[in-house]
Amino acid sequence: MRITEVKVLPVDGDEKLKAYVTVKLDDCFVIRDMKVIKGTSGYFIAMPAKKMKDGTYRDLVHPLDKSTRQMLEDMVMSEYQRVQSTEDKEMVFAKAG
């Protein structure tokens with residue numbers, strides 16, 4: 001399995017939710033509504049989830065092993081940081097202009 005595309009859509013005005021993420025696998029399978037969350041000990045990736053009748057949430061998709069989870073998190077966070085860096089530069093340019 002290869003992650004062939006990562007799209008990060010930043011969210012403004014939310015203290016914890018920082019971005020929605022879409023990941024494409026092998027150019028033929030898409031996972032939407034992953035989230036970049038700012039937690040108490042740093043950023044993490046939350047998988048798409050469904051609210052159950054008892055009020056708990058259950059992941060709809062998720063990696064089955066640590067190495068796959070780490071690869072996914074590394075790629076998503078790398079793209080999130082790249083997008084944030086681009087947005088920060090655009091804000092500085094807009095203020096200077």
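Quick note: the coordinates plus some simple rules give every number you see, no bench work behind them. Treat the numbers as computed from the prediction; the structure is a model and nothing was measured. Every residue, glycine as well, gets a Cβ built from its backbone with ideal geometry; the counts of neighbours run over all protein chains shown.
For segment 3-96, the relative contact order works out to 20 percent when only alpha carbon pairs closer than 8 Å and six or more residues apart are counted.
Here the Gaussian network model covers the chain, with springs between Cα atoms less than 10 Å apart; of Ser67, Ser78, Ser41, Ser41 fluctuates the most. The loop-placed trypsin sites (Lys or Arg not before Pro) in segment 1-74, going by DSSP, that have at most 15 neighbouring Cβ atoms within 10 Å of their Cβ come out as Arg2, Lys16, Lys53. Distance from the alpha carbon centroid of segment 27-63 to that of segment 1-15 works out to 12 angstrom.
Just checking the listed ones, Val23, Val36, Val61: in the Gaussian network model of the chain with Cα springs under 10 Å, the one fluctuating most is Val61.
In sequence order, segment 27-42 has phi-based couplings of 6, 8, 9, 10, 10, 10, 6, 6, 10, 9, 10, 9, x, 5, 10, x Hz under the Karplus curve 6.51 cos²θ - 1.76 cosθ + 1.60, θ = phi - 60°, and Gly or Pro positions carry x.
The convex hull around the C-alpha trace of the chain, projected and averaged over every direction, spans 8.1 square nanometres. Could you work out which residue, out of Tyr80, Tyr43, Tyr57, moves most in a Gaussian network model of the chain, that is, has the largest mean-square fluctuation with Cα springs under 10 Å? Among Tyr80, Tyr43, Tyr57, the largest GNM mean-square fluctuation belongs to Tyr57. If you plug the beta carbon distance of Lys51 and Met75 into 1/(1 + (r/R0)^6) with R0 = 30 Å, you get a FRET efficiency near 0.65.
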